[in-house]
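Engineer: Could you have a look at this structure, given as structure tokens, before my questions?
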Amino acid sequence: MDPRELPGVDAVLSSEASRPLLDRWPRALLAGALRREIEEARHAILAGGAPSPISCAALADRAGRRLAAELEGHPPRVVNATGTILHTNLGRAPLGARAVDALVRAASEPCALEVDLDTGERGERDRAIAERLRAITGAEDAVVVNNAAAALLLVVDTLGRRREVVVSRGEMIEIGGALRLPDVLERAGATLREVGTTNRTRVEDYAAAIGRRTGFLLRAHPSNYRVTGFVEGAPLPALAALARERAVPLVEDLGSGALVDLSTFGLPREPLPADSLRDGTDLVVFSCDKLLGGPQAGIAAGRADLVARLRRNPLRRALRVDKLVVAALAATLDAWRGARDPGAEIPALGLLLRPMSLLDSLAQEACERLRSALPAGFRLDVVESEAEIGSGAQPGARLPSRAVVVEHASLDAGRIAEIFRAARPAVLGRVARERFLLDVKAVLRADDLVPAFAGPLP
Ligand SMILES: *Cc1c(COP(=O)(O)O)cnc(C)c1O
């Protein structure tokens, strides 16, 4: 085809093929998309790549698809077949129905976010959350900010500024997203005082480090790694006793925010805020969108006088959560407190507890459907798999699961992963030992694994 024979923008716009598109989008927007399509077609022809004529209908169709893709919204929906339940890159915990309702209501109508309806006075937006946390964890008071990293920053800035923060060398953590504990301390103007060694830190090590400049003692839950072997940490009650005797606060960064003892469900135990506070910690810090199963937020909870100082810090205003988070978090905490079966109300927990019989039938069904949806070159099978909690919680814990393995006579695992990623909704699996796996642990319906594939498949 000669590039001069390509239809112009006006010709395509006045063609029959453009009519449904013009009903959907403004004329100028469609014209812009067509201009780009025509330009690309011209380049393709000049590069020798487009031998057959390109019609008005074909150009309109391409422009329509391009606009639909550009305006599909963000972030696009995906299916999490990675086997990592709380995947930070995929938005961590899914919210329960109650939390979603509360969030939608708060989003669309005015709500008493910072007004006390009894007195008519101005109130605190996180007061209701603090009350719920008191009931659940025994904390005297709490502040809610953007995420646990922000809560930690607020604590360090309030209690550790121009002071020393005592941390064990075994807990010098880096959390996903390149958040390093030493960097947070430095940014907030605190000096890090390291004690002990990577594998052993005793109460006496902390005792020797406490002096006039000590701001507080910090314990950090090594959530995304494990030190095994010859390991000794200072027991919390003993550390708390030391902190009380020397009148310095003890703060613990718990990370995951589990609110119930997971060992009752046969899962490894995560430290609970309630246990830590009962053992004498003055403040605990934890995330709301990991095992707590709520929206992204972070909490610092514990002694009322310390929380009052956190509240007075001007940084808190910059780190505060919005009404959608307050609504979804309050509803999630109510679900934890009021549910007879928390697994049914908190999807993050529900996914964790799915029985093998369900995973098995889900994988079998998905496998059958995919077999009919994919060309004959693909080979499918159901295999045993190991899922994980994710978000740094329980790094060692492998949760038995099932996966559909997708193979192809002439495509490698990376290429198959690409095909599933290009589908709508995009299906994200994982590649293990050169095989592409769709783990069903966090997949809601078998149908989710059979998306609309893009273009003809090999
Ligand atoms: C995940 C984690 C954090 C950070 O939590 P965010 O809510 O993502 O900011 C901090 N500390 C520990 C130990 C964690 O596991």
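The values are calculated or read from the model by the stated rules, or taken from the named source; none is laboratory data. Model, not experiment: these values are computed from the prediction. Don't worry about glycine lacking a Cβ; one is built from the backbone with ideal geometry, like all the others, and counts go over all protein chains shown.
Engineer: Go through the stretch 312-330 and give me each residue that's farther than 25 Å from Ala348 by Cα and surrounded by fewer than 17 Cβ atoms within 10 Å (Cβ to Cβ).
Structural biologist: Arg312, Pro314, Leu315, Arg317, Ala318
Engineer: Pull out all pairs, ordered by first then second residue, where Cβ-Cβ is under 6 Å, the residues are six or more apart or on different chains, the first lies in the stretch 298-321 and is under 12 Å from Val144 (Cα atoms) and in contact (Cβ under 8 Å) with a residue 24 or more places away in the chain, and the second is part of a strand (DSSP E or B) and of a type in the set (D, E, K, R).
Structural biologist: Val307/Asp141
Engineer: Still on this structure, I have one more. Just the residues that are touching a His at 6+ places or on another chain (Cβ under 9 Å) and either closer than 25 Å to Pro94 by Cα or basic (Lys, Arg) (or both), please, taken from the stretch 351-391.
Structural biologist: Arg379, Gly390, Ser391
Engineer: Return the residue satisfying two criteria in turn: it lies in the stretch 391-409 and is surrounded by fewer than 20 Cβ atoms within 10 Å (Cβ to Cβ) and assigned to a loop (DSSP other than H, G, I, E, B), and of such residues it is modelled with the lowest pLDDT.
Structural biologist: Taking the candidates together, the pick is Pro395.
Engineer: Read through the list (1) part of a loop (DSSP other than H, G, I, E, B); (2) within 16 Å of the ligand (Cβ to nearest atom); (3) surrounded by fewer than 21 Cβ atoms within 10 Å (Cβ to Cβ), then give the number of the only condition that Leu267 fails.
Structural biologist: Every condition holds for Leu267 apart from (2).
Engineer: Can you confirm whether Glu388 is at pLDDT 95 or above, surrounded by fewer than 22 Cβ atoms within 10 Å (Cβ to Cβ) and over 30 Å from Ala107 (Cβ atoms)?
Structural biologist: Values: at pLDDT 95 or above: no; surrounded by fewer than 22 Cβ atoms within 10 Å (Cβ to Cβ): yes; over 30 Å from Ala107 (Cβ atoms): yes.
Taking the combined requirement at face value, the residue does not satisfy it.
Engineer: Same structure, new question: I'd like the residue in the stretch 410-427 that is assigned to a helix (DSSP H, G or I) and of a type in the set (A, V, I, L, M, F, W, C) and, out of all such residues, is surrounded by the fewest Cβ atoms within 10 Å (Cβ to Cβ).
Structural biologist: Looking only at the stretch 410-427, we keep the residues that are assigned to a helix (DSSP H, G or I), and these are 413-422.
So of that shortlist, the ones also of a type in the set (A, V, I, L, M, F, W, C) come out as 413, 416-417, 419-420, 422.
Numbers: Ala413: 20, Ile416: 21, Ala417: 19, Ile419: 21, Phe420: 20, Ala422: 13.
In this case the residue turns out to be Ala422.
Engineer: Taking the conditions exactly as written (within 16 Å of the ligand (Cβ to nearest atom) and either in contact (Cβ under 8 Å) with a residue 40 or more places away in the chain or under 25 Å from Leu179 (Cα atoms) (or both)), does Val284 satisfy them or not?
Structural biologist: Details: within 16 Å of the ligand (Cβ to nearest atom): yes; either in contact (Cβ under 8 Å) with a residue 40 or more places away in the chain or under 25 Å from Leu179 (Cα atoms) (or both): yes.
The answer is yes for Val284.
Engineer: Would you mind listing the helices (runs of 4 or more DSSP H) fully within the stretch 1-75 where at least 2 residues are surrounded by 17 or more Cβ atoms within 10 Å (Cβ to Cβ)?
Structural biologist: Values: elements: 9-13, 19-24, 27-46, 56-70.
Filter on the stretch 1-75 gives 9-13, 27-46, 56-70.
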